[in-house]
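Trainee: Have a look at the structure that comes next, please.
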Amino acid sequence: MASISDSETTNHGSIWDLDQNLDQPMDEEASRLKTMYTEKKFSSILLLRLAFQSLGVVFGDLGTSPLYVFYNIFPHGVDDDEDVIGALSLIIYTLTLIPLMKYVFVVLRANDNGQGGTFALYSLLCRHAKVSTIPNQHKTDEELTTYSRQTYEENSLAAKVKRWLEGHVYKKNCLLILVLIGTCTAIGDGILTPAISVLSASGGIRVQNQKMSTDVVVVVAVIILIGLFSMQHYGTDKVGWLFAPIVLLWFILIGTIGALNIHKYNSSVLKAYNPVYIYRYFRRGKSESWTSLGGIMLSITGTEALYADLCHFPVLAIQIAFTLVVFPCLLLAYTGQAAYIISNKDHVVDAFYRSIPDTIYWPVFIIATLAAIVASQATISATYSIIKQALALGCFPRVSVIHTSKKFLGQIYIPDINWVLMILCIAVTAGFKNQSQIGNAYGTAVVIVMLVTTFLMVPIMLLVWKSHWILVVIFIVLSLMVELPYFTACINKVDQGGWVPLVVATTCFIIMYVWHFCTVKRYEFEMHSKVSMAWILGLGPSLGLVRVPGIGFVYTELASGVPHIFSHFITNLPAIHSVVVFVCVKYLPVYTVPTEERFIVKRIGPKNFHMFRCVARYGYKDIHKRDDDFEKMLLDRLLLFVRLESMMDDYSDSEDFTMMEEKTQGSSNALLLTGKAGSNTMCSTGDLSYSSQDSIVPAAKSPIRGNSLTRYSSQTFGDELEFLNRCKDAGVVHILGNTVVHARPDSGIIKKVAVNYVFAFLRKICRENSVIFNVPHESLLNVGQIYYI
């Protein structure tokens, strides 16, 4: 296929001007009422209730860490009491600096209308700077009530940062790569969290019977994991109310047991709250001190999930739950275990279970298992959410997304991802069989995600919050002072299990980057090869074909212009439908688009062409439900558009447009559009926004069609509405492009492998658009075409 030359794309002649006037971008009235997300005011009782509910959703993973932390710090046993004191001191101040100070009081404020996670940060940046690699946004999208952005003074630091980010394509790609690294590593958490949590909890059955084989514990953990993943399609709507009481009871138990152990075994461990013991821990110079940081890192696992699972809980509610319940209970639990280990150095492998009083052992074991399941469920749900966000932003192949709750928007289930997670979880659990190697893998995944969040917070603080640069420097220095040592310690354990998240993240990164790269290149190709409106007008109202009764929905990724698929269609088939609607479905960097603002409809060209455009906009949390009739919604918006257009035309006082012939140099003919643009009227309603244009009238002796063309007299509202209804009754056909993407013959070997094999395989196994939009098979028409990128 011939490539588009630079001269063609930059030659903005009079025909280009005609295209711009005939197919103008769709504007909306700026007077739409803004209901931007703000931190709502809650009553004290409601705030405490929300804080209680957040325990079951947000803190499960962080709360189950005491099950396995000390074993991963001292996998070969404890020789010196001072080592335990030093490790405990590191745990205390790591919990204070990272979860408490960094995340709970800083990072949580960087939420996108109540949504957290790496992609939420990226969406915020895409709204405040033009850093999206798919340039399909328009200024009308900024009028959405869920779309928020800041304005900057010309010489401000934020404006300079914005211009720097927008300056070169490679900076946008580097930002995207950073986001994908964090996202792919977070997906690895969805594999490792259930594995280590359930395996650690199941280990309690062996404490009371030391003769029991480790294989029995592994089998029990695998059975629990299979049951957990097999129940995912039911959702958590019916049992979710149990999560908060279970986790609250768990925190009360571990805090109480910790306090009893401090009193019973060794209260001198309280000196670990003096940070000088951290210095002494490293001063002794043992190599184990540095490598043990990988185990200490596990004390803050679940911190990133805390941010990703924000789930519209008010930030203040999460702050209350963490500071009043989670933080003190965790400190008591770790301090109590340290006191027990000092008195029982041989029991470090299963210190948590051995430190439980015999009278309450089995109840605690049951609650521990339930808490591990809740923690795993929260991480699995967060993984689904991450995949959904990546899919919406064009970074993941199309997979089936099922909405499991009628009450809560964020509760989804992705079957394909669920079974992949289950297989990998079982493989990790059965393959390693112990907490130590899984812990090494887990720590590597967690610290990488934290580093990505730290780097992304820098532009967020500068662009979104407009923070002073000194505050930004303080934040990043303090964060890196803690996280970089943990990163180096975890990387040193790559050969001891740390390779698992790296392999998972690398595989996910290749899939996501290749898919996104080909998606961007395909979009750029369609932009460069879209059909000229002058050519469409030259075909006349019949488009050079037989106009058969019916409505044809032509799906395209372009929000303006006539797609290449349409010219391919009309040059290979002898007929086209009486009404043609170009449908563009695009995702915006917002968490949701309100239903009443989802569709924008406009007319393309003269009225007697019966051509329209409909843009359907979605946010990254929006889901195409099975019970949604996408075809019916499109038809309803189209008919409503005609009604509103008629109402606006009754009050239009614009002058007529005429086509004039202009002689240009070289005896070439071009078209100019004359007259006032006042007829381009706008209307915004509760259901859609639209623009209305008067008919474009070819003058006599126009070079487009013959020598005598008279002005088209537009139909009355009733006639056109009746015409559309007749076409609707005649039948609706959905025309989709079955695009095959190939690398150019002169491309490098890496690009050929990525495009011709990896992307082709992903397209073969992913869902078709017709399935996503519930298009009836009998109404589907695929048009094949090949793109060379």
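The values are calculated or read from the model by the stated rules, or taken from the named source; none is laboratory data. These numbers were taken from a predicted model, which means no experiment stands behind them. A quick note on method: Cβ atoms are made from the backbone with ideal geometry, for glycine too, and the neighbour counts reach across all protein chains shown. Surface accessibility is based on the protein's heavy atoms, side chains included, excluding ligands, DNA and RNA. Shrake-Rupley method; radii C 1.70, N 1.55, O 1.52, S 1.80 Å.
Trainee: Which is open to solvent by less than 30 Å² (accessible area, probe 1.4 Å), on the phi > 0 side of the Ramachandran plot and not assigned by the TED database to the domain that holds VAL428, of GLY540, GLY544? Explain how you work it out, then say what you get.
Mentor: Details: GLY544 fails: open to solvent by less than 30 Å² (accessible area, probe 1.4 Å).
Going through GLY540, GLY544 in turn, the sole match is GLY540.
Trainee: Suppose we keep only residues that are aliphatic (A, V, I, L, M) and closer than 18 Å to THR429 by Cβ within segment 346-369. Which one would you say is modelled with the highest pLDDT? Walk me through how you get there before you give the answer.
Mentor: If we filter segment 346-369 for residues that are aliphatic (A, V, I, L, M), which is where we start, we get 348-349, 351, 356, 360, 364, 366-368.
Next, only the ones that are closer than 18 Å to THR429 by Cβ stay: 349, 368.
Working: VAL349: 85, ALA368: 93.
Going through the qualifying residues, I end up with ALA368.
Trainee: Same structure, new question: Any residue that is more than 16 Å from THR183 (Cβ to Cβ), in the same structural domain as ARG127 (by the TED database), assigned to a loop (DSSP other than H, G, I, E, B) and open to solvent by 20 Å² or more (accessible area, probe 1.4 Å) - is there at least one of those in segment 490-497?
Mentor: Going through segment 490-497, the residues more than 16 Å from THR183 (Cβ to Cβ) turn out to be 490-497.
Then keep just the ones that are in the same structural domain as ARG127 (by the TED database); that gives 490-497.
If we keep only those that are assigned to a loop (DSSP other than H, G, I, E, B) as well, we get 492-493, 497.
Then drop every residue that is not open to solvent by 20 Å² or more (accessible area, probe 1.4 Å), which leaves 492-493.
Scanning segment 490-497 turns up at least one residue that is more than 16 Å from THR183 (Cβ to Cβ), in the same structural domain as ARG127 (by the TED database), assigned to a loop (DSSP other than H, G, I, E, B) and open to solvent by 20 Å² or more (accessible area, probe 1.4 Å).
Trainee: Residues that are crowded, with 19+ Cβ neighbours inside 10 Å and among the small types (Gly, Ala, Ser): does segment 314-324 have at least one?
Mentor: Yes - at least one qualifying residue is present in segment 314-324.
Trainee: Quick one: is GLN377 under 26 Å from TYR591 (Cα atoms), touching a residue at least 12 places away in the same chain (Cβ under 8 Å) and not aromatic (Phe, Trp, Tyr)? Outline the logic, then answer.
Mentor: Numbers: under 26 Å from TYR591 (Cα atoms): yes; touching a residue at least 12 places away in the same chain (Cβ under 8 Å): yes; not aromatic (Phe, Trp, Tyr): yes.
Criteria met by GLN377.
Trainee: When you go through (1) modelled with pLDDT under 90; (2) over 21 Å from the mean Cα position of the chain (by Cα) one by one for LEU95, which number turns out not to apply?
Mentor: All conditions are met except number (1).
Trainee: Considering only helices (runs of 4 or more DSSP H) fully contained in segment 276-328, which possess at least 3 residues that are in contact with a Leu (Cβ under 7 Å, 6 or more places away or on another chain) and under 24 Å from LEU480 (Cβ atoms)?
Mentor: Working: elements: 276-283, 287-291, 293-296, 303-308, 315-321.
Fully inside segment 276-328 and qualifying: 303-308.
Trainee: Now for a different question. ASP141 versus (1) part of a helix (DSSP H, G or I); (2) loosely packed, with under 14 Cβ neighbours inside 10 Å; (3) at pLDDT below 85; (4) of a type outside the set (S, T, N, Q): which is the lone unmet condition?
Mentor: If we test ASP141 against (1) part of a helix (DSSP H, G or I); (2) loosely packed, with under 14 Cβ neighbours inside 10 Å; (3) at pLDDT below 85; (4) of a type outside the set (S, T, N, Q), just (2) comes out false.
Trainee: Would you mind telling me which numbered condition in (1) touching a helix residue (DSSP H, G or I) at 6+ places or on another chain (Cβ under 7 Å); (2) open to solvent by 30 Å² or more (accessible area, probe 1.4 Å); (3) modelled with pLDDT of 90 or more LEU484 fails?
Mentor: (1)
Trainee: Can you tell me which of (1) buried (at least 16 other Cβ atoms within 10 Å of the Cβ); (2) over 23 Å from HIS777 (Cβ atoms) is the one ARG744 doesn't meet?
Mentor: Checking ARG744 against (1) buried (at least 16 other Cβ atoms within 10 Å of the Cβ); (2) over 23 Å from HIS777 (Cβ atoms), the one that fails is (1).
Trainee: Scan segment 41-100 for residues that are of a type in the set (Phe, Trp, Tyr), surrounded by fewer than 24 Cβ atoms within 10 Å (Cβ to Cβ) and not in a helix (DSSP H, G or I) and jot them down. First the steps, then the outcome.
Mentor: So the first thing to find is which residues in segment 41-100 are of a type in the set (Phe, Trp, Tyr), and the list is 42, 52, 59, 68, 70-71, 74, 93.
Next cut, surrounded by fewer than 24 Cβ atoms within 10 Å (Cβ to Cβ) only: 42, 52, 71, 74, 93.
Those that are of a type in the set (Phe, Trp, Tyr), surrounded by fewer than 24 Cβ atoms within 10 Å (Cβ to Cβ) and not in a helix (DSSP H, G or I): PHE42, PHE74.
Trainee: Exactly one condition in (1) more than 30 Å from GLN377 (Cβ to Cβ); (2) at pLDDT 85 or above is not met by GLN150; state its number.
Mentor: Here GLN150 clears every test but (2).
Trainee: Could you list, in sequence order, all residues of segment 548-570 that are surrounded by fewer than 18 Cβ atoms within 10 Å (Cβ to Cβ) and over 14 Å from GLY737 (Cβ atoms)?
Mentor: VAL548, PRO549
Trainee: Does ALA259 fit the bill of being touching a residue at least 40 places away in the same chain (Cβ under 8 Å) and open to solvent by less than 30 Å² (accessible area, probe 1.4 Å)? Break it down stepwise before answering.
Mentor: Values: touching a residue at least 40 places away in the same chain (Cβ under 8 Å): yes; open to solvent by less than 30 Å² (accessible area, probe 1.4 Å): no.
Judged against the criteria, ALA259 is not a match.
Trainee: In addition: Anything in segment 543-555 that is β-branched (Val, Ile, Thr) and touching a His at 6+ places or on another chain (Cβ under 9 Å)? List them, or say none. Explain how you work it out, then say what you get.
Mentor: At the first step, the residues of segment 543-555 found to be β-branched (Val, Ile, Thr) are 546, 548, 551, 554.
Within segment 543-555, VAL548, ILE551, VAL554 qualify.
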